1. Could you tell me the largest-minus-smallest coordinate of the C-alpha atoms of the range 6-151 on each of the three principal axes, in descending order and whole angstroms?
2. Residue by residue, what Karplus-based ³J(HN,Hα) values in Hz, rounded to whole numbers, does the range 148-153 have, using 6.51, -1.76 and 1.60 with θ = phi - 60° and x for Gly and Pro?
3. Hey, what do the phi angles of the range 367-373 turn into as Karplus ³J(HN,Hα) couplings, whole Hz, using 6.51/-1.76/1.60 and θ = phi - 60°, x for Gly and Pro?
4. Give the separation of the Cα centroids, the range 65-87 to the range 338-371, in Å.
5. In the range 64-111, which GluC sites (Glu not before Pro) are in a loop and have at most 11 other Cβ atoms within 10 Å, using DSSP for the loop call?
6. Enumerate by residue number the GluC sites (Glu not before Pro) in the range 281-384 meeting two conditions: DSSP loop (anything except H, G, I, E, B), and at most 11 other Cβ atoms within 10 Å of the site's Cβ.
7. Along the Cα→Cβ direction, 7 angstrom out, place labels at LEU194 and ASN128. What is the inter-label distance in nm?
8. Please list, in order along the range 25-36, the HN-Hα scalar couplings obtained from phi with the Karplus expression 6.51 cos²θ - 1.76 cosθ + 1.60 (θ = phi - 60°), rounded to whole Hz, x for Gly and Pro.
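Bear in mind these aren't lab numbers, they're just calculated from the coordinates by the rules spelled out. The model shown is predicted, which means the values in this text are computed figures rather than measured ones. In this analysis, Cβ positions are derived from the backbone assuming ideal geometry, glycine residues included, and neighbour counts consider all displayed protein chains.
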Amino acid sequence: DGVVYTELRRPCRAMILVNPSSGRGQALQLFNSHIEGMLTEASVPYKLVITEHQNHARELVRKADLSQWDALVIMSGDGLLFEVINGLMDREDWQEAIQTPLGILPGGSGNALAASVHHYSQLPPAWNEELLLSCGFILCKGLVGSLDLVSVRLASRQRLFSFLSLAWGFVADVDIESEKYRHVGAIRFLMGTLVRLASLRVYKGRLAYLPVKGASEPPKGSTRANPPPPTPQRPSLCSSLPCRLAPNASPKPDSRHSANSNHGAITNSSINAVNSKAASPADSLLPGLDRPVPEGWTVVREEDFVLVLAIYQSHLAEDLWTAPGAAADDGVIHLFYVTAGISRPALLRLFLAMEKGAHLACDCPHLVYQRVRALRLEPSSLQGMITVDGEMVEYGPVEAQVHPGLARLICG
Ligand code: ADP
Ligand code: MG
């Protein structure tokens, strides 16, 4: 059940969206110095679009003639990709639109997907400009795999599509509070963590989840609980295969998904949702926030948390290898939570260990890890922050479920 890649159409016409204010404000400069030449050498024709304001990319992608583009590439942090994915899902033709291959070039301060894509290609860790070069190379190589998206439903009935994370408590607070240190780059998360540790607090609420069938809790004290990702099986890159990803030449949904046999029942239900020409993919696992959680869900006994983090990529930041066993299309939400009572040094130890993906080996009794398909979080603390892909969303109860392989990602 190795990863299955297809190849980008050649020549690949890429729309590259750059957020000039992401990270240290150098995304455009970094593009010119590190990526432009690489794309020229690889004969990748592209159009550079510099975003002018928040939601510019979302609006642009919502209206774009996607038949002109073989790939949408984001040179920013994770926030700009969040906009692009939600712009694609806003469209009436979302079923086709979300099949547009997405690429990521780290230009922000939170480059979690870029770090994950680099990691999936089994290269040794890289940071900063080295990570950028690696992602540029992956883009030029042009292999495309599936990407899970998670549908997130808020109390206001607003619905979002997320490719990275849903966080509440410590991690969400650090995400948002550290934005003011954006000018220092990726190290803003470490600074934010140290500041937040000084004012560590408890977040009250209820958490429930639908576990992955047959998933057992990883053995305590073992980072090997998750096997390393399988070695990608690269198909021979033959242009006669149905691998051209221009929207009007894209393979049928059934053949697209048949290659992934490891998603079980949930894949089938989401394919049905995709095929039924629904206004948007149905969240068949979610009962609705006004109803009790269904049978088969686990309700967490503790109601005092320090953090709840659902992540569906390997990295939460360039130097946070949070979900060691995660793959872009494993169909799994990797759910972590830390219960109240953890000491400051123990929490700091967890985050420091996370750089090497060794936090589960810390044997911390307050840290719990579960592989899930869906979850519900109902904060009862009056104040707090919830983030989706690092962006702040409305605070209150949320439900989420994974849609395996709904999008496509340039990786491998
Ligand atoms: P970073 O990792 O540095 O935070 P992001 O890609 O996450 O970078 O972008 C941060 C925020 O900036 C996102 O909310 C995004 O929507 C917003 N944004 C995008 N383009 C612009 C722009 N031209 N000016 C200001 N904000 C923008
Ligand atoms: Mg995943």
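1. 40, 33, 30
2. With the stated coefficients, the range 148-153 comes to 5, 10, 10, 8, 10, 10 Hz.
3. Couplings: 9, 10, 10, 9, 9, 9, 9 Hz.
4. Using only Cα atoms, the two centres lie 34 Å from each other.
5. Loop-located and lightly packed - GLU92.
6. GLU295
7. Spacing of the two 7 Å Cα→Cβ label points: 1.7 nm.
8. My calculation for the range 25-36 gives x, 10, 4, 5, 4, 5, 4, 5, 7, 10, 10, 3 Hz in order.
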